[in-house]
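To start, the structure under review is shown below, and the notes come after it.
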Amino acid sequence: MSQPVSTAVKVGKTSEAADGGAIPRHVAIIMDGNGRWAKARGLPRTVGHREGAEALRRVLRASAEFGVDYLTVFGFSSENWKRPPEEVTDLMGLLRLYLRQEIAEIDEKGVRLRVIGNRDRLSSDIIQLIEEAERRTAGNSRLNLTVALSYGGRAEIVSAAQQLAKAAQAGSLDPEDIDEGAFQRHLFTSDMPDPDLVIRTSGEKRISNFLLWQSAYAEYVFMDKLWPDFSGEDLKIAITEFGGRKRRYGAAG
Ligand code: IPE
Ligand code: IPE
Ligand code: MG
């Protein structure tokens, strides 16, 4: 077979860095370690989350500088609702603040902001802020920032299956036509390339339900740094590591 790559694996077109290494077109980050960062300093977890928002600002800037087209960050998982109500309230408060304070700068920098995840569980004022931010930045194309909120990869896959089943039941879709491409069109990320590089900070080596379908052929880089300490330089380290990897997509290499 001459085409070993499944048609549904949306291969990112990687560009080249000044030093010759490949720049991933789509970087996804599991921003982990805020709580441990705060604990190590005897501070409340919420301070760690606040510093985490600062790290996101830095990384967004660096991503644009390095020529990354898509940056997707895991901000709050569908499982994070299990945390104590005070922490959830703090996180939602920070999210409100981020959406209010950052949007002007995000827009000015030509960044398109999108949110993926189950919005039903978010409060109505946050949903409104998200919708406003998405509308305001819809015409921007320098960098696509996607924030996963109340997001779970399995829930996303189940929802796609449900939509396809409904279409089949209604007679508008022949089950024979359900292939990987059709499935993918029902995911939140239908119009994005798959992530080339997934970074997880804080030393944990797991996916925690992030972009399960989309990361089928992503390169993973696990870093010990806690997310609030993460800098543009750390992003560069991960990108350099990515540049040295050989991606085979199942082919002989
Ligand atoms: C990541 O940091 C942020 C969220 C999950 C919202 P954590 O809050 O998970 O920090 P640790 O893993 O407890 O250190
Ligand atoms: C994953 O981190 C979710 C986010 C970074 C938003 P968690 O801290 O929730 O993941 P686990 O519990 O260590 O797997
Ligand atoms: Mg964590």
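Below are the figures for this structure:
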item	result
Single match in 189, 146 (criterion: open to solvent by less than 50 Å² (accessible area, probe 1.4 Å) and part of a loop (DSSP other than H, G, I, E, B))	189
Criterion: under 27 Å from residue 57 (Cα atoms), touching a Lys or Arg at 6+ places or on another chain (Cβ under 9 Å) and within 16 Å of ligand 1 (Cβ to nearest atom) - qualifying residue of 142, 206	206
Residue in the stretch 195-202 that is in contact with a His (Cβ under 7 Å, 6 or more places away or on another chain) and not in a helix (DSSP H, G or I) present	yes
Close pairs from the stretch 99-123: first part of a loop (DSSP other than H, G, I, E, B), partner of a type in the set (Val, Ile, Thr) and surrounded by 16 or more Cβ atoms within 10 Å (Cβ to Cβ), Cβ under 9 Å, at least 6 apart	110/137; 117/147; 122/115; 122/130
Boolean, residue 79 is of a type outside the set (Lys, Arg), open to solvent by 20 Å² or more (accessible area, probe 1.4 Å), part of a helix (DSSP H, G or I) and within 21 Å of residue 212 (Cα to Cα)	yes
Of all residues making up the stretch 216-246, the number that are more than 20 Å from residue 143 (Cβ to Cβ), out of contact with any helix residue (DSSP H, G or I) (no Cβ under 6 Å at 6 or more places or on another chain) and touching a residue at least 40 places away in the same chain (Cβ under 8 Å)	4
Among residues of the stretch 33-90, those that are more than 14 Å from ligand 3 (Cβ to nearest atom) and among the basic types (Lys, Arg), counted	5
Candidate set: the stretch 221-253, residues that are aromatic (Phe, Trp, Tyr) and more than 14 Å from ligand 2 (Cβ to nearest atom); chosen: the one nearest to the chain's Cα centre (by Cα)	242
Failed item, numbered, when residue 130 is tested on (1) assigned to a helix (DSSP H, G or I); (2) among the β-branched types (Val, Ile, Thr); (3) within 16 Å of ligand 1 (Cβ to nearest atom); (4) surrounded by 15 or more Cβ atoms within 10 Å (Cβ to Cβ)	(3)
Residues of the stretch 153-210 classified as more than 16 Å from ligand 2 (Cβ to nearest atom) and either hydroxyl-bearing (Ser, Thr, Tyr) or modelled with pLDDT under 95 (or both), total	4
Odd one out for residue 87 among (1) within 17 Å of residue 60 (Cβ to Cβ); (2) open to solvent by less than 30 Å² (accessible area, probe 1.4 Å); (3) acidic (Asp, Glu)	(1)
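Yes/no per residue for (1) open to solvent by 20 Å² or more (accessible area, probe 1.4 Å); (2) among the β-branched types (Val, Ile, Thr); (3) in contact with a Phe, Trp or Tyr (Cβ under 6 Å, 6 or more places away or on another chain):
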site: 185; (1), (2), (3): yes, no, no
site: 197; (1), (2), (3): no, no, yes
site: 200; (1), (2), (3): no, no, yes
site: 205; (1), (2), (3): yes, no, yes
site: 216; (1), (2), (3): yes, no, no
site: 227; (1), (2), (3): no, no, no
site: 234; (1), (2), (3): no, no, no
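The values are calculated or read from the model by the stated rules, or taken from the named source; none is laboratory data. Keep in mind it's a predicted model, so treat the numbers as computed, not measured. Positions of Cβ are generated from backbone atoms using ideal geometry, with glycine treated the same way; all protein chains shown enter the neighbour counts. Ligands, DNA and RNA are stripped out before the accessible areas are found, and what is left, the full protein with its side chains, is counted by its heavy atoms. Shrake-Rupley method; radii C 1.70, N 1.55, O 1.52, S 1.80 Å.
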